[in-house]
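Just so it is clear, none of the values below were taken in a lab; they were calculated from the coordinates. In this text the structure is predicted, and so the values were computed from the model without any measurement. Reconstructed Cβ throughout: ideal geometry from the backbone, glycine too, with neighbour counts over all protein chains shown.
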Amino acid sequence: MTDVILRVDDDRHLAVRASYPDQKGPHMSDVNLDVHIAPMRPMKGAPPEGPGDEPMWSPMSATLIHGENEAILIDTLVTFDQVDALAEWIKGFGKRLIGIYVTHGHSDHWIGISRLRKHFGDVPAWARPKVQQRAAFEATNPGLSGYWQSVFPGEIPAQPDTPDTLDSSTIELEGSEIKIVDIGWGDTEFSTIIHVPSLAAVVGGDVVYNQVHMMTAETDATTRQAWIDNLNEIAALDPKIVVSGHHRVDAPASPESIGESQQYLRDFSKVAEEQETVEDIVKAMLELHPDRDTPRVVWHCARDAVKKREQA
Ligand SMILES: [Zn+2]
């Protein structure tokens, strides 16, 4: 019987290991999982319309899954300094980076590919077909690429590399199988998660959030319900470790984030229906969820919810 050990190295680094209490020895090809978290940080953006609306980017995680000699990175972080720090951390493991897997199409999860290649050469980057399409769209759409350049001027590549299409839904790492689940709605459509059965671990991308305000602006009440159902699908995997794409510094990687994310989404749907104005939606959400990082996200999503209602 395998036990899973979660070690907290410091408030930005978590290590997940399998241990074999009854049998030690020739089992060393098993996979390990380590998490690096970049904290919340300021960005450029429109001035605040109220308390908490100051331009900030949410904390983000990148996950290294590694065997004895090789490693795969899940998601890339954003700015040059974030990605350089991530690269130095990866180098510390002394393993060969054989690929970068991208969980979903939002630029913050893949725009670091170009910078990682400055450190690791022409390492492949993979995404499932619909994720690849969304990433390519974000890279070329003038509005979206202009948005990314405007919030992180001089800190991201002008012509970012995008991931290539991965047709398989498994990745092999030194004989161990890493499973991809095309789960559907998270904070964007066609999201995927990574499941590592031998570690009872899920790397949830932006389907699961941990102590960070959730980006609901691409969803409505119906697709938020689909998102809640997808969180049930993650819970059914019975993970002991859950890593969120937006994971607050020092938050535990525990499966409680699944239910907490569901509650947040239910709250948002209820509040968006009951409250008239942007300010009232924000106020109600911050009363229910006072401690999450990046309240700027609530302001953005509240504005979007009011706009959707006016267009309906
Ligand atoms: Zn994200």
For labels at T2 and V249 in the simple 7 Å Cα→Cβ model, what's the distance in nm?
3.2 nm
Can you sort H13, H36, H106, H246 by how many other beta carbons sit within 10 Å, fewest first?
H13, H36, H106, H246
Using the Cα centre of the chain as origin and beta-carbon charges of +1 (Lys, Arg) and -1 (Asp, Glu), tell me which of L231, V278, S150 is placed farthest towards the positive end of the dipole.
S150
Amide H within-cut-off set for M40, under 5 Å, with H built and near neighbours excluded
V249
Amide H partners (placed H, <5 Å) of Y101, local residues excluded
L73, I74, D75, W126
From the Cα centre of region 286-301 to that of region 41-87, the distance in Å is 18 Å
Can you run phi through the Karplus equation (6.51, -1.76, 1.60; θ = phi - 60°) for region 300-312 and list ³J(HN,Hα) in whole Hz, with x for Gly and Pro?
4, 6, 5, 4, 5, 5, 5, 4, 4, 5, 5, 7, 6
Of the listed pairs K270/K308; K130/K283; K130/K270, those with alpha carbons more than 25 Å apart are K130/K283; K130/K270
Calculated [θ] (222 nm, deg cm²/dmol) that DSSP helices of n ≥ 4 give over the chain, each run adding -39,500 (n - 2.57)
-10500 deg cm²/dmol
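Just to confirm the filter: which GluC sites (Glu not before Pro) across region 233-301 are DSSP coil and have at most 11 other Cβ within 10 angstrom of their Cβ?
On the way: sites: E233, E256, E260, E273, E274, E276, E279, E287; in loops: E276.
Passing sites in region 233-301 are E276.
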Please report, in debye to the nearest 20, how large the charge dipole of the chain is about its Cα centre when each Lys and Arg carries +1 at its beta carbon and each Asp and Glu carries -1 there.
460 debye
Using θ = phi - 60° and the Karplus curve 6.51 cos²θ - 1.76 cosθ + 1.60, what whole-Hz ³J(HN,Hα) does each residue of region 107-121 get, with Gly and Pro shown as x?
4, 4, 9, 9, 5, x, 4, 4, 5, 4, 5, 5, 8, 10, x
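Whole number please: convex hull volume per residue of the Cα set in region 3-311, in Å³? Can you show the working numbers first?
Numbers: hull volume 38.3 nm³, N = 309.
About 124 Å³ per residue, rounded to a whole number.
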